[in-house]
Amino acid sequence: MDPGFAAIGRLGRGENIAGKLVFYQMEGNATYVRDTGELASDVPTETMFELFDPHLNYSTAKFTYTWDLGNGEVIQGTEPVVRYHYPVSGNYTLRLQVGVNFNKSAAPITDVYSMDVQVLDAIKNIELKGPPDFEVSQNASLAVHVDGSPPMWVCWRFLPNCVPDAAGGCTLTMLYENTLRLNHTFNSAGVHCLDITVRNDISKLQSSFSIYVKRNNTHMFFILACAAILVATFSFIMVIACRPRRQNKREITASSNALFLKNDESEGQSTILFKFSNEKKEEKEPLLVQYGTQYSS
């Protein structure tokens, strides 16, 4: 059965009058057939009543149409088509009253068709909100805001290095509001991509966002600090181990005395005698004592 017949609501007295309501919406150069009762808001809409008359019983009849859009607007005419748009999303009941007049003497036949219409906002924008910086191994909280009418189906996935994964799938989430909140932990530094596709009953939009993830500076600082401590400790040990042992000059002076003697048998040569003592004295003894023959004139 043609799905357009689902648009038929109630028939009035004319049991032989059959038809259907078909909705068309034009966006740019594209025309969409809306036969399930969902329309996009603020989009030019054309609704047509298609008469089902295989035996041409109404070939000579004249028709009148009264369209009640359910938002307070009523349009009358003799053509089975009406052009309008719903500026605001919401739920409406569209009623069409069809009048059939076979001749001037007979009273016109009136039938009423009705259909519940759900007007939705098309998905026109996807915005990603999150912290200014992303780091490796830290739980990141992101918010995806969608301009469109829920309910919406959201398919999302993260791609390391923005490399497409044809074999990998996506996470499908049903969204009953305009904001989707995601928690994700990045395992590597570099550029990552968030691929996301959002659709509702009247529109679909796909977008991709690049996210730069840097290394965790806290871990790097800890590693550098530990390395600096190890280097300083090793250097200190090497300095202590390699430093030459030097004796204090004051200790040498205090612990030794030199005695100079002149030997008579050495033809005027002097002999230096070193006398070592461990005793420390406050009074200083003369360092040079000469022994020899004194001559008097």
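The values are calculated or read from the model by the stated rules, or taken from the named source; none is laboratory data. Since the model is a prediction, treat every value here as computed from it, not as a measurement. Counting neighbours? That spans all protein chains shown, and the Cβs are built from the backbone with ideal geometry, glycine included. Remember, those area values only see protein heavy atoms, side chains included, never the ligands or the DNA or RNA. Shrake-Rupley method; radii C 1.70, N 1.55, O 1.52, S 1.80 Å.
Which of the residues that make up region 35-59 are part of a strand (DSSP E or B) and closer than 23 Å to residue 78 by Cα? Break it down stepwise before answering.
Our first condition is that a residue be part of a strand (DSSP E or B); within region 35-59, this holds for 38-40, 45-52.
45, 46, 47, 48, 49, 50, 51, 52 - these are the residues of region 35-59 that are part of a strand (DSSP E or B) and closer than 23 Å to residue 78 by Cα.
Taking the criterion of being charged (D, E, K, R), over 20 Å from residue 211 (Cβ atoms) and either modelled with pLDDT under 90 or open to solvent by 70 Å² or more (accessible area, probe 1.4 Å) (or both), would at least one residue in region 172-180 satisfy it? First the steps, then the outcome.
To start, the set of residues in region 172-180 that are charged (D, E, K, R) comprises 177.
Right, trim to over 20 Å from residue 211 (Cβ atoms) and you get 177.
Remaining after also requiring either modelled with pLDDT under 90 or open to solvent by 70 Å² or more (accessible area, probe 1.4 Å) (or both): 177.
Yes, region 172-180 has at least one match.
Taking into account only those residues within region 147-171 that are among the aliphatic types (A, V, I, L, M) and assigned to a strand (DSSP E or B), which is surrounded by the fewest Cβ atoms within 10 Å (Cβ to Cβ)?
Looking only at region 147-171, we keep the residues that are among the aliphatic types (A, V, I, L, M), and these are 152, 154, 159, 163, 166-167.
Filter once more, keeping what is assigned to a strand (DSSP E or B): 152, 154, 159.
Working: 152: 23, 154: 19, 159: 16.
My answer is 159.
When you check residue 129 against the structure, is it open to solvent by 40 Å² or more (accessible area, probe 1.4 Å) and touching a His at 6+ places or on another chain (Cβ under 8 Å), yes or no?
Judged against the criteria, residue 129 is a match.
Do we find a residue being hydrophobic (A, V, I, L, M, F, W, C), without any contact (Cβ under 8 Å) to a residue 60 or more places away in the chain and open to solvent by less than 60 Å² (accessible area, probe 1.4 Å) anywhere in region 188-207? Break it down into steps so the answer makes sense when it comes.
Of the residues in region 188-207, the ones hydrophobic (A, V, I, L, M, F, W, C) are 189, 191, 193-194, 196, 198, 202, 205.
Then keep just the ones that are without any contact (Cβ under 8 Å) to a residue 60 or more places away in the chain; that gives 189, 191, 193.
Then keep just the ones that are open to solvent by less than 60 Å² (accessible area, probe 1.4 Å); that gives 189, 193.
Yes: one or more hits.
Return yes when residue 144 is within 20 Å of residue 66 (Cβ to Cβ), open to solvent by less than 10 Å² (accessible area, probe 1.4 Å) and either in a strand (DSSP E or B) or touching a helix residue (DSSP H, G or I) at 6+ places or on another chain (Cβ under 7 Å) (or both) and no when it is not.
On the way: within 20 Å of residue 66 (Cβ to Cβ): no; open to solvent by less than 10 Å² (accessible area, probe 1.4 Å): yes; either in a strand (DSSP E or B) or touching a helix residue (DSSP H, G or I) at 6+ places or on another chain (Cβ under 7 Å) (or both): yes.
The answer is no for residue 144.
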